[in-house]
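Only one structure is covered here, and it is reproduced in the block below.
The values are calculated or read from the model by the stated rules, or taken from the named source; none is laboratory data. Treat the numbers as computed from the prediction; the structure is a model and nothing was measured. Here the Cβ is made from the backbone with ideal geometry for all residues, glycine too, and neighbour counts use every protein chain on show. The protein model used for the area step is the full one, side chains on, heavy atoms only, and it has no ligands, DNA or RNA in it. Shrake-Rupley method; radii C 1.70, N 1.55, O 1.52, S 1.80 Å.
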Amino acid sequence: MTVIGVASVKGSPGVTAFALALATTWPGSALLAELDASGGDLAGYHGLQPDPGIASLATEFRRERDPEVLTRHTQSLLSGLKVIAAPAHPAQAYAAISALAPTLPALFPKLLRDTMLIADLGRLVGPSVELARSTDRLLVLARAHLTDLAHLDGLPPNAELVLVGRGPYPPKEVTDALGLKVRAHIRHDPVAQAFLEGRRRRTRLVRAAEELSATLATFVQLEPTP
């Protein structure tokens, strides 16, 4: 299994919407896991049940870690995308993800071969930081403004930036200043929230994610299988 993490370090630049768009447009089998320790949004927006999800996965993980464990805790969106949704309540989400963080990464190579796992890590705090380090690629969303860019020190070595919206700093200048590769620069999408809530299917954000997913899928195919 290949794991791509999507996260931020400050504010709300649209991590969940972008993770959903990336998983939706992935050219192959994909699974979206909402590993946001501050609480999830997908269940509320898409009318999913509280279980199965991240909380039930954390409970089963204490006693059962066979290669099919992730698939038993998924639900499907209307698009057909399989998701593992986090509890909306921050305390419940934090507890579940804290329980998973020490052990889940060790099983990533054994689980769901030929499936891309997109991990919505939300803001990089607490147990999300530990999970972020274990991903094959970590896409960190940030606005191209000093108030966001000033918080990017100390990211894991697998991190790459996705700049969101207009700003005074072009990608090359950001890379030169921070030493971080800018994987993509996407325009602000005023209807991204409608996509996140399932009310729109094709938006500017989705098109940008589709281009990026195609590029990343090529890299994954070129990387040797462990």
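In the set (1) among the hydroxyl-bearing types (Ser, Thr, Tyr); (2) within 15 Å of Ala192 (Cα to Cα); (3) modelled with pLDDT under 95, Thr59 fails one condition alone, (2).
Of all the listed residues (Ala208, Ala217, Ala144, Ala150), the sole one being closer than 19 Å to Gly11 by Cα, open to solvent by less than 50 Å² (accessible area, probe 1.4 Å) and not charged (D, E, K, R) is Ala144.
None of Ala37, Ala93, Ala58 is assigned to a loop (DSSP other than H, G, I, E, B), out of contact with any strand residue (DSSP E or B) (no Cβ under 6 Å at 6 or more places or on another chain), closer than 19 Å to Gly126 by Cβ and open to solvent by less than 10 Å² (accessible area, probe 1.4 Å) except Ala37. Would you confirm, using the coordinates I've provided, whether Thr2 is more than 17 Å from the chain's Cα centre (by Cα), closer than 22 Å to Leu104 by Cα and at pLDDT below 95? For Thr2, the condition - more than 17 Å from the chain's Cα centre (by Cα), closer than 22 Å to Leu104 by Cα and at pLDDT below 95 - is not met. Restricted to the stretch 115-135, and to residues there that are among the aliphatic types (A, V, I, L, M) and in a loop (DSSP other than H, G, I, E, B), the residue that is least open to solvent (accessible area, probe 1.4 Å) is Leu124. The single residue among Ala88, Ala17 that is out of contact with any Phe, Trp or Tyr (no Cβ under 8 Å at 6 or more places or on another chain) and either touching a residue at least 60 places away in the same chain (Cβ under 8 Å) or not basic (Lys, Arg) (or both) turns out to be Ala88.
Please determine whether any residue of the stretch 173-193 is surrounded by 17 or more Cβ atoms within 10 Å (Cβ to Cβ) and of a type in the set (D, E, K, R). Yes; the residues of the stretch 173-193 include at least one that is surrounded by 17 or more Cβ atoms within 10 Å (Cβ to Cβ) and of a type in the set (D, E, K, R). Annotation note: of Val125, Val164, Val174, the sole residue that is in contact with a Lys or Arg (Cβ under 7 Å, 6 or more places away or on another chain) and either over 24 Å from Leu20 (Cβ atoms) or in contact (Cβ under 8 Å) with a residue 60 or more places away in the chain (or both) is Val164.
Looking across Leu77, Leu104, Leu81, Leu138, one residue alone is modelled with pLDDT of 95 or more, surrounded by 23 or more Cβ atoms within 10 Å (Cβ to Cβ) and aliphatic (A, V, I, L, M). It is Leu138.
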